[in-house]
Amino acid sequence: MPLMGTKEMFKKAYEGGYAIGAFNVNNMEIVQGITEAAAELKSPIILQASAGARRYAKQSYLVHLVEAALEVNDIPVALHLDHGPDFETCKDCIDGGFSSVMIDGSKYAFDENIELTKKVVEYAHARGVVVEAELGKLAGIEDDVNVAAKDASYTQPDEVEEFVTRTGVDSLAIAIGTSHGAYKFTPEQCTRNADGVLVPPELRFDILEEITRRLPEFPIVLHGASSVVPSYVKIINENGGKLKDAVGIPEEQLRRAAKSAVCKINIDSDLRLGMTAGIRRHMAEHPDHFDPRQYLGDGRALVKEIVAHKIHTVLGSEGKADEVMALYNANK
Ligand code: G3H
Ligand code: 13P
Ligand code: ZN
């Protein structure tokens with residue numbers, strides 16, 4: 001199966017009330033953990049690399065790792081640039097074999113975002129590559145994404161039609177209350193349930209509904225959608241880690257989003273937690289081990305476990321590989 005774009009994935013996901021998981025990749029074990037889970041559950045997936053991933057692993061390693069995963073697993077896979085910061089990075093990825101790119105112009109004013117997005121769309125579409133853009137600003141901190149909560153802003157529904165029409169973009173990332181990283185909400189922003197567990201404010205489904213009304217059948221993307229799975233945080237903290245008050249998006253809300261116009265759900269932090277939990281527990285249980293294959297192998301196993309759980313329980317994309325492949329082949 002060659003790398004594919006996201007057009008067929010999103011069409012099927014929209015019609016079928018499920019979402020495609022977009023998982024961030026940074027090394028071989030992460031690529032293997034994700035693709036092994038997807039292959040076992042026969043799910044289409046998006047593997048995405050951020051600018052930080054490109055710096056860490058180098059673009060050609062990432063492309064070849066993904067190509068190797070495609071040789072081994074027969075599932076529909078798109079390779080996507082996550083949070084492309086500028087035209088040049090998008091161009092590099094398009095020229096280097098990515099099938100999808102995101103241009104993240106959300107830091108710019110509306111017209112500037114449109115101008116930049118349009119330039120990327122023109123270059124990408126001429127080469128058969130699809131483009132995701134972003135309107136609104138998510139809070140959160142990662143390597144190249146750093147927005148304080150006070151600077152975050154919801155997507156304004158009255159801007160989306162003009163943005164999509166003027167740019168020609170293929171999908172749109174929106175801000176409805178998700179946030180990047182493992183500390184999505186401060187304890188002050190949350191309430192506590194009977195067990196004292198932090199409960200974050202609900203996502204703004206009203207904004208999502210209004211955007212969907214204005215953009216019928218158009219694929220919407222949710223960034224910052226890790227649940228910060230408590231069982232993995234627990235393993236980390238029981239084995240020497242110190243993650244205090246880490247809180248993510250509840251799974252029921254992501255499931256609700258996946259049933260709606262949201263066709264792509266971005267997950268990175270949960271993979272980081274899985275990998276770290278596997279490695280920390282291995283190191284604590286086997287202080288005499290020093291072969292990286294032993295502890296990285298355990299990290300990879302938890303990445304696989306977490307991706308399988310997302311596909312089965314959150315995204316609803318289990319068993320959807322064949323219908324996506326059939327549409328892709330029909331459109332060829
Ligand atoms: O949204 C950002 C992704 O999780 C990538 O994070 O820039 O630290 O690689 P990164
Ligand atoms: P999380 O930090 O919630 O995993 O979000 C990842 C993301 O949005 C990548 O673009
Ligand atoms: Zn993101």
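Which one of His282, Leu47, Val164 has its Cα pushed farthest toward the positive end of the charge dipole of the range 7-331, where Lys and Arg give +1 and Asp and Glu give -1 at the Cβ?
His282
Might you report the magnitude of the Cβ-based charge dipole of the range 7-331 about its Cα centre, with Lys and Arg at +1 and Asp and Glu at -1, to the nearest 20 debye?
Its charge dipole is roughly 380 debye.
Return the calculated 222 nm mean residue ellipticity for the chain, to the nearest 500 deg cm²/dmol, obtained by summing -39500 (n - 2.57) across DSSP H runs with n ≥ 4 and dividing by the residue count.
Estimated from H runs of four or more residues: -14000 deg cm²/dmol.
Counting other beta carbons within 10 Å of each Cβ, put Leu172, Leu79, Leu198 in order, fewest first.
Leu198, Leu172, Leu79
Only bridges whose two residues both fall in the chain count here: according to DSSP, what percent of them are antiparallel, nearest 5?
Taking every DSSP beta bridge within the chain, about 15 percent pair in antiparallel fashion.
So, in Å, what gap is there between the alpha-carbon centers of the range 1-47 and the range 57-98?
What the calculation gives is 13 Å, centre to centre.
With springs only between Cα atoms under 10 Å apart, run a GNM on the chain and tell me which of Leu62, Leu47, Leu243 wobbles the most.
For the chain, modelled as a Gaussian network with Cα springs under 10 Å, the answer is Leu243.
Using a Gaussian network model of the chain with C-alpha springs under 10 Å, which one of Ile176, Ile20, Ile45 is most mobile by mean-square fluctuation?
Ile176
If you stretched the chain out fully between Ala109 and Arg256, how much longer would it get, using 0.36 nm times the residue separation minus the C-alpha to C-alpha distance?
49.9 nm
Would you look at the GNM of the chain, springs on alpha carbons closer than 10 Å, and say which of Gly16, Gly240, Gly52 moves the most?
In the Gaussian network model the winner is Gly240.
If you take the charge dipole of the range 7-331 about its Cα centre, with +1 on Lys and Arg Cβ and -1 on Asp and Glu Cβ, which of Val130, Tyr108, Ala308 is farthest toward its positive end?
Value: Ala308.
Return the Cα extents of the range 7-331 along principal axes one, two and three, sorted largest first, each rounded to a whole Å.
Cα extents, longest axis first: 59, 47, 35 Å.
Can you list which of the trypsin sites (Lys or Arg not before Pro) found in the range 29-122 are DSSP loop residues with at most 14 other C-beta atoms within 10 Å?
Passing sites in the range 29-122 are Lys58, Lys107.
Sort His64, His83, His223 so the one with the fewest other Cβ atoms within 10 Å of its own Cβ comes first.
His64, His83, His223
Which loop-located trypsin sites (Lys or Arg not before Pro) does the range 225-292 contain, where loop means any DSSP state but H, G, I, E or B and the Cβ has at most 11 other Cβ atoms within 10 Å?
Counting only loop positions with at most 11 other Cβ atoms within 10 Å, the trypsin sites (Lys or Arg not before Pro) in the range 225-292 are Lys242, Lys244.
We did not get these values from a lab; they are worked out from the coordinates using the rules stated. The structure presented is a predicted model; accordingly, all values stated were derived computationally and were not measured. All Cβ positions, glycine included, derive from the backbone under ideal geometry; neighbour counts span all protein chains shown.
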